[in-house]
Structures are given as structure tokens and as C-alpha cells.
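Report on the following structure.
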Amino acid sequence: MLTVDTKKCTGCKICEKICPFGAIAVVDKLAQVQANCTLCGACVSRCPAEALTIERRRVSEKELVLFSGVFIWAECEEKAGKLIPKKVARELLSQGRRLSEKLGQELSVVILGDERLNGLDALIASGADRVIRCRHRLLSRFSSNAFTSVVSALISKEKPSVFLFGATPHGRELAPRVAARLELGLTADCTGLDIDDKGNLIQTRPAFGGNIMASIISPYTRPQMATVRPNVFSPGEPDSSRKGRIEDFEVALSPAAIRTKLVSVEQLAYEGSVGIEDADIIVAAGKGCQKKENLTLIQELADALGGVTAGSRALVELDWIPHTKQVGQSGLTVGPQLYIAVGVSGAIQHLVGMSSAKTVIAINKDPDAPIFKVSDLGIVGDAMEIVPMLIKKLKK
Ligand SMILES: Cc1cc2nc3c(=O)[nH]c(=O)nc-3n(C[C@H](O)[C@H](O)[C@H](O)COP(=O)(O)OP(=O)(O)OC[C@H]3O[C@@H](n4cnc5c(N)ncnc54)[C@H](O)[C@@H]3O)c2cc1C
Ligand code: SF4
Ligand code: SF4
């Protein structure tokens with residue numbers, strides 16, 4: 001419930017301007033909350049007199065049953081003038097489907113954008129029972145303020161039991177804001193999801209520098225919120241005969257609620273057309289490559305295979321490669337068909353970023369290097385002798 005401290009309220013009307021739902025009005029110099037308040041929280045942090053508070057109680061066991069359904073956020077990317085769901089949406093759908101079936105509840109996809117939204121049928125084919133479309137001109141590009149307000153309002157209305165986001169840069173920005181606004185728990189960067197016998201979401205993620213896997217539950221707040229690393233789960237096979245429905249959520253957004261302004265967009269310069277997250281073939285370099293100049297061999301090998309280069313954090317720290325190429329816990333998660341690790345030891349923090357690669361080939365001079373434990377094929381020897389031989393063979 002949103003309460004106004006009448007002793008503190010100065011009647012400044014900031015809350016009235018901010019509220020996207022017209023749910024607070026200043027009458028006789030005092031803010032008054034209307035029945036249509038969604039508890040989205042947008043006004044609370046903007047009140048200069050700290051006169052507004054939202055009290056949220058722990059969800060009691062009786063109330064838990066009121067929250068139902070698994071929701072995922074389908075992040076979109078712009079392609080040929082259209083807003084299309086990213087691959088991570090299909091990965092979340094495959095997990096969401098499994099969880100919703102275990103819970104016996106519906107799977108809904110929330111998608112935000114403007115009139116250019118496209119590819120909604122593909123979301124149904126990938127497992128959604130329902131697509132909730134949120135369209136507004138202020139949602140044409142990702143805006144943390146606007147998206148937080150809309151997702152928070154939607155959660156307040158729909159009361160889902162589980163809400164999953166991709167742990168992409170935007171997902172990592174949006175999910176914590178929604179969780180903070182609605183005072184919910186949130187587990188970031190999950191690599192495993194399941195349901196326990198009480199219907200709680202078990203959220204598994206690496207902890208303590210990746211040395212243990214922690215299983216986390218949020219028994220007192222609903223929805224249970226998690227971000228999920230891209231490329232950890234494979235997207236299921238779409239089934240175009242699946243039936244689902246598309247519903248519109250009425251978006252109320254005031255420009256005053258958006259405090260950030262997009263000044264310009266700069267495309268990252270990838271070698272080839274894709275970043276490492278979307279690459280099918282990756283040649284990853286580690287400190288065993290010995291010197292920066294040797295990375296030209298890694299590039300040559302990647303070129304010969306039609307792939308891209310990546311590397312371990314050790315190389316980022318040496319400033320040999322940019323952070324956008326770092327694979328691992330504090331870098332990116334990749335899911336290529338082929339991953340060739342050259343002079344990479346295979347520290348756990350590296351492995352969590354590439355363990356969903358289909359085929360792993362490792363080249364390392366130490367036969368006991370941990371990378372061999374996750375490799376399909378291992379070559380023991382000096383990488384700087386083996387890589388030129390491979391390039392020569394491939395070029396033939
Ligand atoms: C909180 C945290 C987060 C982290 N996040 C990440 C992350 O996201 N990604 C990441 O990669 N790391 C991460 N790390 C660091 C990680 O623990 C390792 O230190 C790092 O992965 C080691 O990189 P490396 O394998 O390139 O180097 P090293 O561990 O130094 O291994 C070099 C390997 O090369 C082999 N070698 C040496 N010479 C040759 C040669 N001539 N030919 C063939 N093989 C040779 C060696 O046998 C060795 O196995 C993180 C650490 C922490 C604490
Ligand atoms: S922003 Fe705060 S002080 Fe201003 S009218 Fe609203 S409740 Fe009152
Ligand atoms: S901004 Fe949100 S919390 Fe504040 S009055 Fe409007 S709907 Fe209620």
C-alpha cells in the first residue's frame with residue numbers, strides 16, 4: 001500500500017507529474033492516492049519530501065496461491081527496421097516451458113516495444129501459451145526507467161509466480177530495478193533452474209568465485225525473479241503447430257518518468273559479422289600463447305575455420321584482447337558448435353562461460369591442465385608449434 005505522510009507532503013505535485021497511471025493527485029496541497037495505484041513505486045524515489053512510502057509485506061502461505069504463471073521477458077533487437085526477440089528469449093522459453101509444466105501453470109512472454117514489434121508467433125512456436133505485448137512510442141528503444149515502470153506495473157496486475165530475464169546487459173539493468181522497486185528477491189546469472197516440492201523456484205548459480213554452485217530460493221516474495229545467462233540453455237525446437245494467444249497490456253507512460261536520454265548508438269566493431277556470444281566457431285587464446293604477437297596465429301586459425309577469436313581473462317588483464325572477447329564468469333557466456341582452447345588452463349571461472357559448447361578441442365603443454373577434463377579432443381604440446389600445423393592443414 002502507498003501511503004502519504006501528511007506532515008511531510010508539501011503539495012509540490014512532482015508525484016502527480018511522475019505517475020504514469022494518473023493514480024496520485026494533489027488536492028488542497030496534499031497528495032492523495034487513487035484506487036488505480038499499481039504500486040509501481042515510480043513516485044516514491046522522486047518525492048523530495050520523502051513523504052511517500054510503500055509497505056510490502058512478506059507473502060504469506062495463503063497469498064502464495066494468488067501468484068501463478070511463469071513469465072519471461074523477451075528482449076528484442078532491431079533487424080531490418082523490425083523489433084525481433086533475441087535468441088536468449090527462446091532459451092528462456094525452453095526453460096520456462098519445463099518449469100511451467102512442473103508447476104502446472106501457464107507460460108507467458110512479456111515483450112516491450114513499439115509498432116515495429118515482430119516475431120510474436122515464433123514465441124508461441126517456441127513454447128509460450130500467451131504473449132503479452134506492451135506497445136508505446138516511449139518503448140521504441142530500451143530505456144531502464146520506462147521498461148522498469150511497465151514491467152513493474154504488469155507484475156502488480158498479473159501477479160506471476162516466476163519472472164525470468166536474460167542476463168544480457170539490458171536484462172542485468174532491468175531485473176534489479178524491478179526487484180528493487182517491488183521489493184523482491186532476485187538471483188543473478190543463474191545457470192540452472194528447477195522447482196522444489198513446495199513449488200519454489202530453485203535458482204542455481206556459481207558462487208564464491210565459481211568454486212561452488214549455490215542453490216537459492218525466494219520463499220517470501222513473489223514473483224521469484226532470476227536472470228539467466230545466455231547460451232547456457234539450448235533453445236528448443238520450434239513447433240509451428242502450437243497454439244497460443246497474443247494479448248495487449250495497456251501501457252501508461254509519462255515522459256517525465258524517463259530520466260535518461262539516449263544520445264547515440266555505436267555498433268561494436270566485430271571481426272566478421274557476429275560477436276562471440278553468437279559465434280558458431282571460437283578459437284580462444286590463453287596465457288599459454290605467451291606473447292601478444294602470437295595472437296595473429298590465433299586469428300589465422302579462426303579465419304581458416306570461418307570463426308572468431310576470444311580469450312581468457314588473463315589476456316584481458318594483459319590488455320591483449322578487449323573485454324568484449326572475454327569468455328567466463330566475469331565475461332561472456334558462449335555456446336558455439338566448436339570451441340578451440342589454445343593455452344587456456346581451464347580455471348572454473350573460464351569453464352562456466354564455455355561449458356555449453358558442443359565440441360571442445362584443447363591445446364595445452366600440460367597434460368594435467370583442467371581444460372582437458374571438459375574437452376572432447378586434447379592435444380598435448382606447444383601451442384605455437386601445433387597451431388601453425390593446423391592452419392597449414394586447413395589451408396590445404
Ligand atoms: C571472480 C573471478 C572471476 C573470473 N572470471 C574469469 C573469466 O570470466 N574468464 C576467465 O578466463 N578467467 C576468469 N578468472 C580468472 C581465472 O581464475 C584464471 O586465472 C584465468 O582463466 C587463467 O587464464 P589462462 O588459462 O589464460 O592462464 P593460466 O591459468 O596462466 O594458464 C595458461 C595455460 O597455458 C598452458 N601453456 C603454457 N605455455 C604453453 C604453450 N607453449 N603451449 C600450450 N600451452 C601452454 C599452461 O599449461 C596453462 O595451462 C576469474 C577469476 C576470479 C577470481
Ligand atoms: S512529491 Fe511528495 S511532497 Fe510533492 S506532492 Fe507528492 S507526496 Fe507531496
Ligand atoms: S507512480 Fe506508481 S506507486 Fe506512485 S501513485 Fe502512481 S501508480 Fe502508484
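Values as computed for the structure displayed
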item: Whole-number D in µm²/s for the range 173-267 (Stokes-Einstein; Kirkwood sum over Cα pairs; 4 °C, 1.567 mPa s); result: 76
item: Simple Cβ-charge dipole of the range 202-271, Lys/Arg +1 and Asp/Glu -1, about Cα centre, in debye nearest 20; result: 300
item: For the range 111-173: rounded, prolate or oblate by the Cα gyration tensor [a/c cutoff 1.5]; result: rounded
item: Unit charges on C-beta of K, R, D, E only; dipole of the range 284-388, Debye; result: 260
item: nm² value of the averaged projected area, convex hull over the Cα atoms of the range 60-123; result: 5.2
item: Folded to 0 to 90 degrees: helix 87-103 orientation relative to the chain principal axis, Cα; result: 60
item: Difference of contour (0.36 nm per residue) and Cα-Cα distance, T204 to D248; result: 12.6 nm
item: Rounded, prolate or oblate (a/c below 1.5 giving rounded, otherwise prolate when a/b exceeds b/c) for the range 227-320 by Cα gyration tensor; result: oblate
item: Cα-based shape type of the range 7-96, given that a ≥ b ≥ c are square roots of the gyration tensor eigenvalues and the cut on a/c is 1.5; result: oblate
item: Listed peptides 37-47, 196-206 by packing density, highest first (mean Cβ within 10 Å); result: 37-47, 196-206
item: Using alpha carbons only: equivalent-ellipsoid semi-axes of the chain, gyration tensor based, whole Å; result: 44, 22, 21
item: Nearest-ten-degree value, helix 169-182 long axis tilted from longest Cα axis of the chain; result: 30
item: Charge-dipole axis of the chain as Lys and Arg at +1 and Asp and Glu at -1 on Cβ define it, positive-most pick from S356, G288, V44; result: V44
item: Computed lengthening from I348 to K159, 0.36 nm per intervening residue step minus Cα-Cα distance; result: 64.3 nm
item: Helix-only CD estimate at 222 nm, as mean residue ellipticity for the chain, using -39500 (n - 2.57) per DSSP H run (n ≥ 4); result: -7000 deg cm²/dmol
item: Segment S240-E115, extension gain: residue separation times 0.36 nm, minus the distance between their alpha carbons; result: 42.7 nm
item: Sparsely packed trypsin sites (Lys or Arg not before Pro) within the range 80-153, loop by DSSP, other Cβ within 10 Å at most 16; result: R116, R141
item: GluC sites (Glu not before Pro) within the range 200-290, DSSP loop, no more than 11 other Cβ atoms inside 10 Å; result: E250, E266
item: Size of the range 53-210 as Cα extents on the principal axes (Å, biggest first); result: 46, 38, 36
item: Distance (nanometres) between label positions extended 7 Å along Cα→Cβ at C12 and N211; result: 4.8
item: Disulfide-incompatible cysteines by the Cβ rule (no partner under 4.7 Å) in the chain; result: C9, C12, C19, C37, C40, C47, C76, C134, C190, C289
item: Dipole magnitude of the chain about its Cα centre (Cβ charges: Lys, Arg +1; Asp, Glu -1), debye to nearest 20; result: 720
item: Dipole of the range 52-207, positive end: most advanced residue of L120, G192, I72 [Cβ charges, Cα centre]; result: L120
item: Restricting the range 48-78 to GluC sites (Glu not before Pro) in coil, as DSSP defines it, with at most 14 other Cβ within 10 Å; result: E50, E55
item: For L332, residues with placed amide H under 5 Å, excluding near neighbours; result: Q326, V327
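The numbers here are math on the coordinates, done by the rules we state, and not lab data. All values reported here derive from a predicted model rather than from experimental measurement. Cβ sites come from the backbone with ideal geometry, for glycine too, and all protein chains shown count toward neighbours.
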